[in-house]
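Below is one structure, written out as structure tokens, with a few remarks after it.
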Amino acid sequence: MGDRKEARDAEFQSFVIGRWPRLLRTAFLLTGEQHAAEDLVQSTLEQVYVAWRRVGSADDPEAYVRRVMINAHARKHRRKLREFLAPKDDSGLVREIADTGDRIAQAEDRSALLKALAQLPPRQREAVVLRYWEDLTETQTAEAMGCSVGSVKSNAAKGIAKLRAIPGLADMVTQGGRK
């Protein structure tokens, strides 16, 4: 019995090591603050560890964990805790290293994008982050958000429209090759 627990712990540890950067990036984009993002990922992983036997055997454990994280974030937001996506003083934040295929992360003025994301309502922010930053399909995004594909399309479209309406931001994104 101890061997199975050790094997499960090793599997969980491997999962965490492999997925930590991506989970942390998603959490940062949702919360806007490095420490809040770390707390969100940590509390999510605590919940997932308890149920790892079920989670690890799921078709897509990463999607399952992402859904737990989105739900945890939504619960926190419902409690009316204030989040700051673009802190006034971000000098102490650890900068994430951009993925080689992540054009938005490579944009010259990331702070403008983060400030723009902060202006979006939470559901629109979630849809935009998961759909375009995390590059999930509409179906995967709907599963992560716990809503219909139509809601994802609607929230993402409204969010992108608001982002495009911000002067200078649309130019920054289209110069990076996206339209």
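The values are calculated or read from the model by the stated rules, or taken from the named source; none is laboratory data. Predicted, not measured: the structure shown is a model, and the values here were computed from it. Reconstructed Cβ throughout: ideal geometry from the backbone, glycine too, with neighbour counts over all protein chains shown. Quick note on the areas: whole protein, heavy atoms, side chains included, nothing else; ligands and nucleic acids left out. Shrake-Rupley method; radii C 1.70, N 1.55, O 1.52, S 1.80 Å.
Conditions tested, residue by residue: (1) open to solvent by 90 Å² or more (accessible area, probe 1.4 Å); (2) more than 12 Å from the chain's Cα centre (by Cα); (3) among the aromatic types (Phe, Trp, Tyr); (4) within 17 Å of ARG67 (Cβ to Cβ).
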residue	(1), (2), (3), (4)
ALA7	no, yes, no, no
PHE15	no, yes, yes, yes
ARG22	no, no, no, yes
ALA27	no, no, no, yes
LEU30	no, no, no, yes
THR44	no, yes, no, yes
GLN47	no, yes, no, yes
inquiry  = For the structure I just gave you, tell me whether VAL68 is part of a helix (DSSP H, G or I), surrounded by 14 or more Cβ atoms within 10 Å (Cβ to Cβ), touching a Ser or Thr at 6+ places or on another chain (Cβ under 6 Å) and at negative phi.
reply    = yes
ask   = Looking at region 95-166, what helices (runs of 4 or more DSSP H) fall wholly within it and have at least 2 residues that are modelled with pLDDT of 80 or more and of a type in the set (Lys, Arg)?
value = 122-128, 149-164
inquiry  = Among the residues in region 78-89, are any open to solvent by 40 Å² or more (accessible area, probe 1.4 Å), part of a helix (DSSP H, G or I) and at pLDDT 85 or above?
reply    = no
key: Failed condition for ALA37, given (1) part of a loop (DSSP other than H, G, I, E, B); (2) at pLDDT 90 or above   = (1)
ask   = Restricting the search to region 129-141, which residues are over 16 Å from LEU30 (Cα atoms) and either out of contact with any Lys or Arg (no Cβ under 7 Å at 6 or more places or on another chain) or touching a residue at least 40 places away in the same chain (Cβ under 8 Å) (or both)?
value = THR137, THR139, GLN140
